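Below is one structure, written out as structure tokens, with a few remarks after it.
The values are calculated or read from the model by the stated rules, or taken from the named source; none is laboratory data. Here the structure is a predicted model, which means the values were calculated and not measured. Every residue, glycine among them, receives a Cβ derived from its backbone with ideal geometry; neighbour counts consider all protein chains shown.
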Amino acid sequence: MAVAKEKLYRLHLMVCAGTGCVSNHAFEIKEALEKEIKRQGLENEVKVVTTGCNGFCERGPLMVVQPGNIFYQTLTVKDVPYLVEEHLLKGRPVKKLMYQPPEEKTPVPVLSEINFFKKQVLVALRNRGLIDPEKIEDYIARDGYKALAKALTQMTSEEIIKEITTSGLRGRGGAGFPTGLKWQLVRNSPSPNGDKYLVCNGDEGDPGAFMDRSILEADPHSVIEGMLIGAKAIGATQGFIYVRNEYPLAVKRILIALDQARQFGLLGHDILGTGFDFDIRVVRGAGAFVCGEETALLASIEGRLGEPRPRPPYPAEKGLWGKPTCINNVETWANVPVIIDRGGKWFASIGTATSKGTKVFSLVGKINNTGLVEVPMGITLREIIYDIGGGIPGGKKFKAVQTGGPSGGCIPAEKIDLPIDYESLTEAGSMMGSGGMVVMDEDTCMVDVARYFLSFTQDESCGKCTPCREGTKAMLDILTRITEGKGTEEDLTLLEELAHTVKEASLCGLGKTAPNPVLTTLRYFRHEYITHIKDKKCPAHVCRQLNVYSIDPQLCLEKGHGCDVCRRNCASEAIIGAKGEAHKIDQTKCIKCGVCYDVCNFGAVRVD
Amino acid sequence: MPKLTLEELEKIREEARKSIFIREQGQFKAKIIVHMGTCGIAAGARNIMNAFLREVEKRGITDVLLTTSGCAGLCSREPMATVELAGQAPVKYVDLTEKKAQEIFEKHVLGGQIVTAYALGIGSEKTDL
């Protein structure tokens, strides 16, 4: 195979082309850059490279200039001519396009000096921002497929499994099952005709979670290489990547990567001349949350209805078409090549006693620095939320964080120094899950949060088993009643009883974890439920049916001069008063939509 | 399609590294700064920069960083470049031509010997008093 020689450029402009930045016009910025670079005659000196997600999605579209690691943010097409002339032509980095932390007076030019990036440790995201995900050569240059070469030529299957076991790697999809043990189980499971399968679970369905999507978009070859190594370890000949069809960019890039790997002979027959055969097929999921559950996912790959089945038998014994099947999620696979390359001991040196390595979290909600972060296990919530996340916007108070997606739990502010690992999160009533982290501030109503997450899981319940189908519905009805001020104290007892029953009796992980938000909010924020039930009030003013809107006549007249905006915007004609007069709300007509509160520019509308 | 062998994979890696090494925050043996203010550009700094770039490319070197900066303050002696070997004081070169740049690359950047004939001086101005 001929080795292509790449032209050398003086500067590489690493333009983030993750889904977040792309929806903020990253591709238009790339085009504008290329056009302007050509106009300035720099096309032989400067190269524009599109990369996967950089992580700091809050400040997108992003671009990093290398060498120098100069970080530009919130770019627009309009900024491009000035940027190209100043930085690329004249060598003067443009301060006004750099990141300026809210509390600082001067911008921080260099990426590695920005707090958001400083505390992160990149293992699964090792290539983020450094490679073009659509170029296999970029991946290879960053030690890609080196671990595969080692695994195929220098290691036996047992040695590979031993290395993974030593590393202490646990499943990054939620339950945290030890990966080495799972591989051993699949390897030991007999298969009558020798067929064994391997699956990558990319059915990331948690609202606000985008770890797996980012890995598939930014570094698809790391997943392919991980699967190849896993295949050799367990003796599989065919792999599947199950990915949501709602992730078009991830699907596109993984398909490109698979094609390139095949062209290079890194997939298919006789890989690297070692006689090892393996190939991977992409299966697109139709976006049913339950298909993230392994037995439902396998049913979906087989072309059947995506519904779970009782375990045992576990997929390790009877998986796809009844054959032993190893199923791990995207992030788990992406960790495998590094472990083989650098050794299990190295990986195990990061993290806590029971949780090794790093974990990728998507940090969303009421947080300054929304984005994707990879941190060592054992880091505290405080470090993630304040040091990396930059705290809560508007100087508001931190109230709770929901970890583990809709089936995780809410961890209250008192537990902010909790070190993050599988055990500590479970003990706090939540779970690692796939790594979603939704931050909530003082304006969040915890009853409403529980209702919201339960409405999601209830909607996504496949309906196969009664506890989940009926139980989540009954729980949701109670929660809705409470948020409407129709709850009773007996409701809380019933809610708790139902939650425990659904958790105990449901068939699969969806039902077993769906009550978590309810149970944790009852555990840590019971007083908020009581206020909703007894006082018929929502302390955060989120549950609108419990709100009473009124207009302060003095403020309305003195500050607003009876501006009449509220009356004109009121859909139920509940506001009385002519222009120039103090306005008043007719409580019998008010439907508590809150529009008057939102439109009043003078703070005259009060909510109690 | 011929199959990729282990050796070929390593060859691809070696070749690909040569084009992407500048993205990594690694240790560089030397840093070349071409001064590209308006004065420098007018005096032909772009050709000097390209001359250095060609040297790096030709030799497949991955531990020399080529970068630019603005006017160095001595506009009459442009084009100028500063060469900084790791752990050593920077050296400023003045009145450069492509040929001089080649020589500086060979003797100073690779060989560690300052080309005194073209050098203005060693060190930089003070920036904090």
Open item on the list: If I filter the range A:501-513 down to residues being of a type in the set (S, T, N, Q) and modelled with pLDDT of 95 or more, which single residue comes out as surrounded by the fewest Cβ atoms within 10 Å (Cβ to Cβ)?
Closed with: A:501
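So for the range A:280-296 (the condition being more than 14 Å from chain B (Cβ to nearest Cβ), at positive phi and touching a Lys or Arg at 6+ places or on another chain (Cβ under 9 Å)), does at least one residue qualify?
Yes, the range A:280-296 has at least one match.
Every residue, every condition in (1) of a type in the set (Ser, Thr, Tyr); (2) within 29 Å of residue A:597 (Cβ to Cβ); (3) in contact (Cβ under 8 Å) with a residue 60 or more places away in the chain, yes or no:
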| residue | (1), (2), (3) |
| --- | --- |
| A:489 | no, no, no |
| A:494 | no, no, no |
| A:497 | no, no, no |
| A:509 | no, no, yes |
| A:523 | no, no, yes |
| A:545 | no, yes, yes |
| A:559 | no, yes, no |
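Listed here are the residues, each with its yes/no results for (1) more than 30 Å from residue A:463 (Cβ to Cβ); (2) among the acidic types (Asp, Glu); (3) modelled with pLDDT of 95 or more.
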site: A:515; (1), (2), (3): no, no, yes
site: A:518; (1), (2), (3): no, no, yes
site: A:530; (1), (2), (3): yes, no, yes
site: A:541; (1), (2), (3): yes, no, no
site: A:544; (1), (2), (3): yes, no, no
site: A:553; (1), (2), (3): yes, no, no
site: A:561; (1), (2), (3): yes, no, no
site: A:592; (1), (2), (3): yes, no, no
site: A:597; (1), (2), (3): yes, no, no
TODO: Please enumerate the residues belonging to the range A:174-229 that are of a type in the set (D, E, K, R) and within 21 Å of residue A:252 (Cα to Cα).
DONE: A:203, A:204, A:212, A:213, A:217, A:219, A:225
Open item on the list: Just to verify a result, which residue in the range A:437-449, among those that are outside any strand (DSSP E or B) and touching a strand residue (DSSP E or B) at 6+ places or on another chain (Cβ under 7 Å), is surrounded by the fewest Cβ atoms within 10 Å (Cβ to Cβ)?
Closed with: A:442
TODO: Hey, can you tell me all the residues within the range A:220-239 that are touching a Phe, Trp or Tyr at 6+ places or on another chain (Cβ under 7 Å) and in contact (Cβ under 8 Å) with a residue 60 or more places away in the chain?
DONE: A:221, A:223, A:225, A:226, A:227, A:228, A:230, A:232, A:233, A:234, A:236
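To keep it simple, each residue is scored yes or no on (1) farther than 16 Å from residue A:11 by Cα; (2) buried (at least 22 other Cβ atoms within 10 Å of the Cβ); (3) hydrophobic (A, V, I, L, M, F, W, C); (4) at pLDDT 95 or above.
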site	(1), (2), (3), (4)
A:67	no, no, no, no
A:76	yes, no, no, yes
A:86	no, no, no, no
A:90	no, no, no, no
A:113	yes, no, no, no
A:128	yes, yes, no, no
TODO: Select from the range B:3-28 the residues that are part of a helix (DSSP H, G or I) and either within 18 Å of residue A:47 (Cα to Cα) or more than 9 Å from chain A (Cβ to nearest Cβ) (or both) and list them in ascending order.
DONE: B:7, B:15, B:16, B:17, B:18, B:19, B:20, B:21, B:22, B:23
TODO: Kindly list the number of the only condition in (1) within 14 Å of chain B (Cβ to nearest Cβ); (2) in contact with a Ser or Thr (Cβ under 7 Å, 6 or more places away or on another chain); (3) not in a loop (DSSP other than H, G, I, E, B) that fails for residue A:164.
DONE: (1)
TODO: Could you list all residues from the range A:1-39 that are free of Cβ contacts under 8 Å to residues at least 60 places away in the same chain and surrounded by fewer than 16 Cβ atoms within 10 Å (Cβ to Cβ)?
DONE: A:2, A:3, A:5, A:7, A:23, A:27, A:28, A:31, A:35, A:38, A:39
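Residue-wise test of (1) at negative phi; (2) touching a residue at least 60 places away in the same chain (Cβ under 8 Å); (3) in contact with a strand residue (DSSP E or B) (Cβ under 8 Å, 6 or more places away or on another chain); (4) not acidic (Asp, Glu).
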site	(1), (2), (3), (4)
A:109	yes, no, yes, yes
A:120	yes, yes, yes, yes
A:149	yes, yes, no, yes
A:185	yes, yes, no, yes
A:191	yes, yes, no, yes
A:211	yes, yes, yes, yes
TODO: Return only the number of the condition from (1) surrounded by fewer than 23 Cβ atoms within 10 Å (Cβ to Cβ); (2) under 24 Å from residue A:459 (Cβ atoms) that residue A:557 does not satisfy.
DONE: (2)
Open item on the list: I need a count of the residues in the range A:3-38 that are closer than 21 Å to residue B:21 by Cα, in a loop (DSSP other than H, G, I, E, B) and not charged (D, E, K, R).
Closed with: 5
Task: Test: residue B:69 is loosely packed, with under 15 Cβ neighbours inside 10 Å and either touching a Leu at 6+ places or on another chain (Cβ under 7 Å) or within 22 Å of residue A:89 (Cβ to Cβ) (or both) - done: no
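Can you find even one residue in the range B:78-101 that is within 26 Å of residue B:15 (Cβ to Cβ) and either of a type outside the set (Gly, Ala, Ser) or within 9 Å of chain A (Cβ to nearest Cβ) (or both)?
no
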Task: Residue that is nearest to residue B:104 (Cα to Cα), among those in the range B:29-50 that are assigned to a loop (DSSP other than H, G, I, E, B) and within 8 Å of chain A (Cβ to nearest Cβ) - done: B:36
- [ ] Among what's in the range A:524-537 and is assigned to a loop (DSSP other than H, G, I, E, B) and farther than 18 Å from residue A:412 by Cα, pick the residue that is farthest from the chain's Cα centre (by Cα).
- [x] A:536
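Report yes if residue A:91 is at positive phi and over 22 Å from the mean Cα position of the chain (by Cα), otherwise no.
Considered against the rule, which asks whether it is at positive phi and over 22 Å from the mean Cα position of the chain (by Cα), residue A:91 comes out as yes.
Considering the range A:112-127 alone, what residues qualify as being within 22 Å of residue A:138 (Cβ to Cβ) and more than 22 Å from the chain's Cα centre (by Cα)? Break it down into steps so the answer makes sense when it comes.
Kept after step one, since they are within 22 Å of residue A:138 (Cβ to Cβ), are these residues of the range A:112-127: A:112, A:117, A:120-127.
Result: A:112, single match.
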TODO: Could you please let me know if residue A:585 is touching a His at 6+ places or on another chain (Cβ under 6 Å), aliphatic (A, V, I, L, M), more than 30 Å from residue A:408 (Cβ to Cβ) and in contact (Cβ under 8 Å) with a residue 24 or more places away in the chain?
DONE: no
Task: Residue satisfying condition, being crowded, with 22+ Cβ neighbours inside 10 Å and touching a helix residue (DSSP H, G or I) at 6+ places or on another chain (Cβ under 8 Å), within set A:485, A:429, A:433, A:463 - done: A:433
TODO: Would you check which residues across the range A:53-93 are within 14 Å of chain B (Cβ to nearest Cβ) and farther than 24 Å from residue B:48 by Cα and list them?
DONE: A:54, A:63, A:64, A:71
TODO: Identify all residues within the range B:59-98 that are farther than 20 Å from residue B:42 by Cβ and in a helix (DSSP H, G or I); write none if there are none.
DONE: B:59
- [ ] Would you be able to tell me the number of residues in the range A:240-257 that are more than 21 Å from residue A:302 (Cα to Cα) and over 17 Å from the mean Cα position of the chain (by Cα)?
- [x] 4
Open item on the list: Looking at the structure I just gave you, is residue A:434 within 21 Å of the chain's Cα centre (by Cα), modelled with pLDDT under 95 and either over 27 Å from residue A:497 (Cβ atoms) or assigned to a helix (DSSP H, G or I) (or both)?
Closed with: yes
